[in-house]
Amino acid sequence: MDLEVDHVLILGEGNFSFSVAFYKSDIINASSAYYKCRLCCTTFEDRLTCIDKYGAEETTANMEFLEGNDQVLLHNVDATNLVESLFQVDTRKFNKIIFNFPHTGRKAAIQKNRLLLKNFFISASNFVHPSSEVEVSLCAGQGGTPSDSKHRDPCNTWKIVEMATFGGFILTSAKPFDTEKYPDYRCTGRRGRGNSFLLQGAITHQFAQVKYPNTSTETLTIEKDLSYHLDELSLLKTRALYPPQYVIHVSFWINPNDSGKNCHQEFTFRRFQSLVRSLLGNLLVGIQLNDIYNETSSNRTSHCYQIDLQSHTCALSADDVKSLEARLRRELDACLCVTVR
């Protein structure tokens with residue numbers, strides 16, 4: 001591949017009709033941001049399987065059209081393992097990565113489709129630069145965002161926004177899939193076969209990579225760690241759309257005048273609140289006291305708090321929240337006169 005030319009990676013093709021449609025709408029369109037970019041069009045299956053499964057005449061014609069116009073076609077590319085799958089390509093960054101209607105091919109495999117998305121975003125994180133776009137289109141209701149025209153219970157969606165955070169991506173746009181822009185696109189691959197599927201109500205999700213910083217450095221507050229990520233996000237001139245919300249539950253015994261515990265200062269809610277704010281910074285949405293329990297035999301009191309957090313400026317994943325919770329528990333135990341439960 002020519003490293004002097006910008007590239008667009010298209011994953012999960014079947015009959016290559018979307019690649020042809022994208023070539024016609026963007027690559028040879030002088031008004032497009034992707035004018036004269038080079039396409040790298042890929043399939044999960046091998047070449048012969050694609051021809052057999054997705055229609056020999058159409059698939060062959062589309063492949064010949066793309067190859068005839070000097071576009072790159074690759075087969076046996078696993079979207080969840082791009083580092084190994086793209087060994088044929090010089091390791092480089094793509095201006096845009098498109099993954100249309102990913103699916104494991106099984107019915108009612110919600111958890112597996114979430115895992116598919118999660119692993120894709122982790123894999124794609126190695127092939128983007130700060131101005132790259134990652135675009136994933138899903139059928140109606142699958143994504144689980146307010147932009148879906150078909151709403152499902154959260155447990156029945158693929159939670160695309162949450163899965164994207166594992167690769168450090170935030171959602172920047174969610175719009176109906178533009179069938180008018182791609183009139184040559186013929187969707188295929190329903191449940192792993194050559195059948196078509198409904199595009200009505202489908203949503204195209206666009207993502208940008210703004211990774212959450214490493215919180216392992218104890219001397220830095222989260223707010224300070226985020227400062228350089230805010231500079232990155234300012235280039236995008238946007239904030240995260242529908243950022244996931246998280247809850248941390250923390251309970252502890254309050255130990256007034258406990259000579260056996262080497263604590264810096266006794267517990268008060270204001271000190272607790274100040275400690276939480278210093279650690280979470282702008283991530284903190286609120287702190288709520290859920291329960292107080294008095295143990296008469298030991299003359300101790302237990303407090304249970306709910307801490308709500310969310311990030312509008314970078315990709316905060318469930319794994320990041322677990323790390324934050326562990327750090328908060330260590331700080332509570334060290335800085336206040338409490339025993340974390």
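Roughly how far apart, in whole Å, are the Cα centres of the range 290-306 and the range 96-147?
44
Give the calculated FRET efficiency between Gln288 and Leu115 to the nearest 0.05, with a Förster radius of 30 Å applied to their Cβ-Cβ distance.
After rounding, the FRET efficiency stands at 0.40.
Explain nothing, just the number: relative contact order of the chain, from Cα pairs under 8 Å at least 6 residues apart, as a whole percent.
Once normalised by length, the contact order is 16 percent.
Taking amide H atoms as placed 1.01 Å from N in the peptide plane, list the residues 5 or more away in sequence, or in a different chain, whose amide H sits under 5 Å from that of His75.
Thr43
Sum up the charges of everything whose Cβ sits under 14 Å from the Cβ of Asp148, counting Lys and Arg as +1 and Asp and Glu as -1, but leave Asp148 out.
Result for the local shell: +3.
Could you state the accessible area per residue of the range 85-145 in Å², with a 1.4 Å probe and every protein chain left in place?
40
Please report the carbon-and-sulfur percent of the accessible area for the chain; probe 1.4 Å, protein heavy atoms only, DNA, RNA and ligands left out.
Using a 1.4 Å probe with all protein chains present, the chain comes out at 47 percent carbon and sulfur.
On a full-extension model of 0.36 nm per residue, what is the gain between Ile28 and Asp46, subtracting their alpha-carbon distance, rounded to one decimal in nm?
Difference between extended and current length: 3.7 nm.
May I ask which of Lys107/Lys322; Lys36/Lys112; Lys93/Lys322; Lys96/Lys159; Lys53/Lys175 have a Cα-Cα span longer than 28 Å here?
In this structure, Lys107/Lys322; Lys36/Lys112; Lys93/Lys322; Lys53/Lys175 exceed 28 Å between Cα atoms.
Between Lys107, Lys159, Lys93, which gets the highest mean-square fluctuation from a Gaussian network model of the chain, Cα cutoff 10 Å?
The residue with the greatest mean-square fluctuation here is Lys107.
Relative to the first principal axis of the alpha-carbon coordinates of the chain, what is the inclination of helix 110-124, with its axis defined by its Cα atoms, in degrees from 0 to 90 and to the nearest 10?
The angle comes out near 80 degrees.
Quick check for me: using +1 on Lys/Arg Cβ and -1 on Asp/Glu Cβ, what's the dipole size of the chain about its Cα centre, in debye to the nearest 20?
So the dipole magnitude of the chain works out to roughly 980 debye.
Along the charge dipole of the chain, pointing to its positive end and built from +1/-1 on Cβ of Lys, Arg, Asp and Glu, which listed residue (Ser302, Thr157, Leu171) has its Cα farthest out?
It is Ser302, whose Cα lies furthest towards the positive end.
With everything on Cα atoms, drop me the angle between helix 56-68 and the longest principal axis of the chain, reported from 0 to 90° to the nearest 10.
Orientation of helix 56-68: about 90 degrees from the principal axis.
Could you state the angle between the C-alpha long axis of helix 318-335 and the longest principal axis of the C-alpha atoms of the chain, as a value from 0 to 90 degrees rounded to the nearest 10?
Between the helix axis and the principal axis of the chain, the angle is about 20 degrees.
The values are calculated or read from the model by the stated rules, or taken from the named source; none is laboratory data. Worth saying up front: this structure is predicted, and the values here are computed from it rather than measured. FYI the Cβ positions are ideal-geometry reconstructions off the backbone, even for glycines, and counts take in every protein chain you see. Just the protein is used for accessible areas: all its heavy atoms, side chains included, with ligands, DNA and RNA removed. Shrake-Rupley method; radii C 1.70, N 1.55, O 1.52, S 1.80 Å.
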